[in-house]
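First up is the structure itself, then whatever we jot down about it.
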Amino acid sequence: MSVVKWGVIGAAGIADRRMIPEGIVPAHNAELVAICDVTAELVNKVGEKYGIPPDQRYTSDVELIANAPVDAVYVATPNHLHKNQVLECAAAGKHVLCEKPLAITIEDCEEMVEACAAAGVKLGVDFMMRFHCCHRKIKEMVDAGQLGRLVMGRAELTCWYPPIPGAFRQDPLLGGGGAFIDMGNHCVDVLEMFFGRTRRVCMIMGNLVHDYPAEDTAVCLLEFENGAVGMIDALFNVPDAASHNALEVYGSKGSITARGTIGQSSLGRFEAVLEKADLDYDAQQQREEAQAQVIEPEPYNIYQAHIEAFSDAVINDTDPPITGEDGLWNERVVEACYKSAATGQVVEL
C-alpha cells in the first residue's frame, strides 16, 4: 500500500471547511473515496465539490463503514456520536482518525481504545495544532533549553458563538460541555507539548453572555508534572476579531509569545526574548530595552501534515502520531477540570 483510501463521516462541517480540502485532498499518500452526512442534500453538495461518485455518497455511517472501499475513516460528527462510529470502524477493520474530543466520558474513551487495539486498527485523535510550524519550533527551543527552566504557560482559544438551535457544542448532553471541551482541550494538548502532563487543575466556568446550557466561559489553572503552572482561557463570548488566540511560554531564561497559532490556521509567527547569560538582580527592573526576536518558521498545513503522518502509520504499521491513548488522557484532564468547576476544589489527576 502506498496510498490510504479515506472515507469521511460527517463531511459537511469541519471536514468540508478544513480536513478534506487542506488535509486529505493534497496529501501525497491519501485519497478521498467516500463520504457520509445526515442528508442527501448535504452529502451530494460535498460529493460534487470533491468529485466523489454518487454510489460512494452515503447518508448512513453504517453503510459507509460496511460497503465503501476505504482503509481509514475520518470521524467528524458531533461528540456524542464518536463512540459508536469508532466501534463500528474497529469491528469492520477500518483505521480511524477521530475528531476531538475522542468521546464525552472517560469510560467511552477507554472502550474505544480497547476495541481498536483488539481489532488491530489504528486510532488517532485530531489534535492537529501539534503540527503547527510555530508550535514545533517552540518545542525544539524548549527541548534545547533555550528558555531555561519552564515556569509558566498560557493558551487562549476564544470565538463568538451565539445561540444556534440544535448546536451540539451548546448542549452538554451532546457535546460533553461547552467552550472548554470544544476549545480548552486543544489548549491542554498544546501546553502539554512543552510542559509535560498535567498533575492537578482548578477551573471556574459559567455563562456571562449566552444563556445556552453549556458554559460560554471557562478559565483553568494547571500544575504540570515538572512543577510549572499554566492557564487556559476558553471563551465562546468574545468577537472573533478581538480574539488574540495567544500562546505564551515563560522560563528562567526568557519567554515566547505567539498570536493566532492556536486555532484552525496554519500560519503564524512568534517572538522570543532570550537571555544568553545569568542575570543579577536589577532593582530598577528596566524592560523597555528588551530585544524580541521575531521567528517565522516555514509554514506547512497542519491538516495535511496530520493526514500524511496518520497515513504513513497505516502504510508502515507504526503508531499514529496522536494516539487514542492521547485522546483518553486529554479527556481525563478535561473531566478533572469540569469536576473542579462543579466542586470548587483543586482536582488531582
Subject >> Number of positions in the stretch 110-128 that are under 16 Å from Ile322 (Cβ atoms) and acidic (Asp, Glu) >> reply: 1
Original post:
Just checking, which of Gly23, Gly13, Gly93 is surrounded by fewer than 20 Cβ atoms within 10 Å (Cβ to Cβ) and closer than 25 Å to His132 by Cβ?
Top reply: Gly13
**OP:** Just one of (1) outside any strand (DSSP E or B); (2) within 19 Å of the chain's Cα centre (by Cα); (3) not charged (D, E, K, R) trips up Leu157, so point out which.
**Re:** (1)
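Of all residues in the stretch 96-110 being without any contact (Cβ under 8 Å) to a residue 40 or more places away in the chain and assigned to a helix (DSSP H, G or I), which is surrounded by the most Cβ atoms within 10 Å (Cβ to Cβ)?
Looking at residues that are without any contact (Cβ under 8 Å) to a residue 40 or more places away in the chain and assigned to a helix (DSSP H, G or I), I get Asp108.
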Original post:
Hey, among the residues in the stretch 123-140 that are surrounded by fewer than 22 Cβ atoms within 10 Å (Cβ to Cβ) and charged (D, E, K, R), which one's nearest to Asp319 (Cα to Cα)?
Top reply: Arg130
Original post:
Being under 24 Å from the mean Cα position of the chain (by Cα) and not assigned by TED's automatic domain parsing to the domain that holds Ser266, is that true of even one residue in the stretch 51-60?
Top reply: no
Original post:
Of all the residues that make up the stretch 249-274, how many are over 27 Å from Gln304 (Cβ atoms) and either hydrophobic (A, V, I, L, M, F, W, C) or not in a loop (DSSP other than H, G, I, E, B) (or both)?
Top reply: 6
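Name the single residue that is nearest to Ile20 (Cα to Cα) among those in the stretch 116-139 being part of a helix (DSSP H, G or I) and among the basic types (Lys, Arg).
First pass over the stretch 116-139, keeping only residues part of a helix (DSSP H, G or I): 116-119, 128-131, 133-139.
Next, from what is left, pick out any that are among the basic types (Lys, Arg): 130, 136-137, 139.
Working: Arg130: 18, Arg136: 23, Lys137: 26, Lys139: 27 Å.
Of everything passing the filter in the stretch 116-139, Arg130 is nearest to Ile20 (Cα to Cα).
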Original post:
Out of all the residues in the stretch 313-335, which are of a type outside the set (Val, Ile, Thr) and more than 16 Å from Leu191 (Cα to Cα)?
Top reply: Ala313, Asn316, Asp317, Asp319, Pro320, Pro321, Gly324, Glu325, Leu328, Glu335
**OP:** Collect the residues in the stretch 254-294 that are exposed (fewer than 10 other Cβ atoms within 10 Å of the Cβ) and modelled with pLDDT of 95 or more, keeping them in residue-number order.
**Re:** Val294
**OP:** List every residue pair whose Cβ atoms lie under 8 Å apart, where the two residues are 6 or more positions apart in sequence or sit on different chains, the first residue falls within the stretch 316-336 and is free of Cβ contacts under 8 Å to residues at least 40 places away in the same chain, and the second residue, located anywhere, is assigned to a helix (DSSP H, G or I) and of a type in the set (D, E, K, R).
**Re:** Thr318/Asp312
**OP:** Filter the stretch 182-217 down to residues that are over 18 Å from Gly153 (Cβ atoms) and of a type in the set (Gly, Ala, Ser) and give me whichever is surrounded by the most Cβ atoms within 10 Å (Cβ to Cβ).
**Re:** Ala214
**OP:** Return yes when Ile35 is among the β-branched types (Val, Ile, Thr) and either surrounded by fewer than 24 Cβ atoms within 10 Å (Cβ to Cβ) or touching a residue at least 40 places away in the same chain (Cβ under 8 Å) (or both) and no when it is not.
**Re:** no
Subject >> Answer from Val113, Val209, Val219, Val142 - the residue that is over 30 Å from Glu298 (Cα atoms), assigned to a helix (DSSP H, G or I) and among the hydrophobic types (A, V, I, L, M, F, W, C) >> reply: Val113
**OP:** Identify the residue in the stretch 306-334 that is over 23 Å from Ile232 (Cα atoms) and hydrophobic (A, V, I, L, M, F, W, C) and, among all such residues, is surrounded by the fewest Cβ atoms within 10 Å (Cβ to Cβ).
**Re:** Ile315
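Pick from Ser252, Ser266, Ser243: which is assigned by TED's automatic domain parsing to the domain that holds Arg136, in contact (Cβ under 8 Å) with a residue 60 or more places away in the chain and within 26 Å of Gly166 (Cα to Cα)?
None of the others qualify; the one that does is Ser243.
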Original post:
Out of the stretch 6-51, which residues are within 25 Å of Leu123 (Cα to Cα) and assigned to a loop (DSSP other than H, G, I, E, B)?
Top reply: Gly10, Ala11, Ala12, Gly13, Val25, Pro26, Ala27, His28, Asn29, Asp37, Val38
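Residue by residue, here is whether (1) farther than 30 Å from Tyr250 by Cα; (2) in the same structural domain as Ser252 (by TED's automatic domain parsing) holds:
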site: Val33; (1), (2): yes, no
site: Val43; (1), (2): yes, no
site: Ala72; (1), (2): yes, no
site: His80; (1), (2): yes, no
site: Pro101; (1), (2): no, no
site: Glu111; (1), (2): yes, no
site: Glu114; (1), (2): yes, no
site: Arg136; (1), (2): no, yes
site: Glu140; (1), (2): no, yes
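The values are calculated or read from the model by the stated rules, or taken from the named source; none is laboratory data. Keep in mind that this is a model prediction, so the values were computed, not measured. Note that each Cβ is placed from the backbone with ideal geometry, even for glycine, and that neighbours are counted across all protein chains shown.
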